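The values are calculated or read from the model by the stated rules, or taken from the named source; none is laboratory data. Because the structure is predicted, anything quoted here is derived from the model rather than measured. Cβ placement follows ideal geometry from the backbone for every residue including glycine, while neighbour counts extend to all protein chains displayed.
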2 protein chains.
Amino acid sequence: MPALHDHTHCIADALTRADALCAERGARLTALRRRVLELVWSSHRPRGAYAILEDLSQQDGKATAPLTVYRALEFLVEQGLVHRIESLNAYVGCAAPEDVHSGQFLVCEACGDAAEIDDPGVGAAIDAAAAGRGFRVQRPTVEVRGLCKSCQENPR
Amino acid sequence: MPALHDHTHCIADALTRADALCAERGARLTALRRRVLELVWSSHRPRGAYAILEDLSQQDGKATAPLTVYRALEFLVEQGLVHRIESLNAYVGCAAPEDVHSGQFLVCEACGDAAEIDDPGVGAAIDAAAAGRGFRVQRPTVEVRGLCKSCQENPR
DNA sequence: GGGCATGGTGTTACTTTATAACACTCCCGC
DNA sequence: GCGGGAGTGTTATAAAGTAACACCATGCCC
């Protein structure tokens, strides 16, 4: 998301939807998990577990161990509220947690934003390619590095 | 590659092609780099940098530092002789180093094999999805987790 | 052939990312 | 209110990757 949007709205919206989803599923979105989700959403850039850890320590003043963060992230990923970007060892909020989907990402090398897409064509092509080889798909990962529109238009 | 193939042939073939390619390009496939390539090829399973490091130390008797291996791997990846599997932090030999391509992989959760495919449909779908959003693709990553044909047929 | 620039390798130390093992606590249902 | 399971805290450790700098070897120029 190339700047210039009301990001507090993104965060609030993400939290509201997470609350609703977890309530509906009987999953426990505890204070800690909710806070970690909020910190993941603090931008549209994927954030590392240790960056979140630092935020927790500094902003909230509590000294936290890595495991605490990893456990919260694990829960959030399981619930589909957060995706892990494998090629960055980092986490980013999911834009459409209600839908079951495996994330596809366009990661900008310049600004670091990771735009989530859920392109049916890409999914279908992967399914077809796998089926043709007798491979049963469980979890596809698509992470495309490149330059986002706004960084192409405003190079630095 | 579900067992039952002459893997020494795979290795020999990979090395021969690497020699030819590097000679053609004026790239220096030194003894160390060649040896690391051989170790990457020791199976069709992605191997971690530290596994290769251990092989170097134990099989060859030389104590080597991680950096040595990483540097060799970096070279091999640049030359397209080896691909990095992001979701595993591991490396696997490229089946078709002559062609320029970004790897697409079917990674079996059961046996660990990573089958490289270069499916034009998948590539085209990604290009189309990116183009529709004004995103310029530099390096697509596709890593599909699931079950390979042979592991579906012979569950354990 | 001597000098020298470049690229490759060795060595030490260190950072970042992730997990193991185990204790404690809180909350829910009964 | 209490027993059990899920969640969290704590300490330690493993795995993956990088920085800085020295040394060596190869090839090229003169």
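Worth a mention:
- Segment A:110-120 - residue that is without any contact (Cβ under 8 Å) to a residue 40 or more places away in the chain and assigned to a loop (DSSP other than H, G, I, E, B) and, of those, surrounded by the fewest Cβ atoms within 10 Å (Cβ to Cβ): A:118
- Per the listing A:104, A:58, the residue uniquely of a type outside the set (D, E, K, R), at pLDDT 95 or above and farther than 18 Å from residue A:33 by Cβ is A:104.
- Residue ID - surrounded by the most Cβ atoms within 10 Å (Cβ to Cβ), chosen from residues in segment B:37-54 that are more than 13 Å from DNA strand D (Cβ to nearest atom) and in a helix (DSSP H, G or I): B:37
- Yes/no for residue B:86 being within 18 Å of residue A:129 (Cβ to Cβ), touching a residue at least 24 places away in the same chain (Cβ under 8 Å), over 10 Å from the mean Cα position of the chain (by Cα) and within 16 Å of DNA strand C (Cβ to nearest atom): no
- The set of residues in segment B:125-143 being out of contact with any Pro (no Cβ under 9 Å at 6 or more places or on another chain) and more than 7 Å from every other protein chain (Cβ to nearest Cβ) consists of B:131, B:132.
- Residue satisfying condition, being surrounded by fewer than 17 Cβ atoms within 10 Å (Cβ to Cβ), more than 10 Å from DNA strand C (Cβ to nearest atom), without any contact (Cβ under 8 Å) to a residue 40 or more places away in the chain and under 14 Å from the mean Cα position of the chain (by Cα), within set A:74, A:78: A:78
- Residue among A:16, A:30, A:8 that is within 13 Å of DNA strand D (Cβ to nearest atom), polar (S, T, N, Q), more than 14 Å from chain B (Cβ to nearest Cβ) and on the phi < 0 side of the Ramachandran plot: A:30
- Any hit, segment A:14-28, residues being outside any helix (DSSP H, G or I), more than 30 Å from residue B:84 (Cα to Cα) and free of Cβ contacts under 8 Å to residues at least 12 places away in the same chain: yes
- Applying the set (1) farther than 16 Å from residue B:10 by Cβ; (2) away from chain A (no Cβ under 14 Å); (3) of a type in the set (S, T, N, Q) to residue B:102 leaves exactly one unmet item: (2).
- The requirement of being more than 16 Å from the chain's Cα centre (by Cα), more than 8 Å from chain A (Cβ to nearest Cβ) and within 16 Å of DNA strand C (Cβ to nearest atom) is satisfied by residue B:58.
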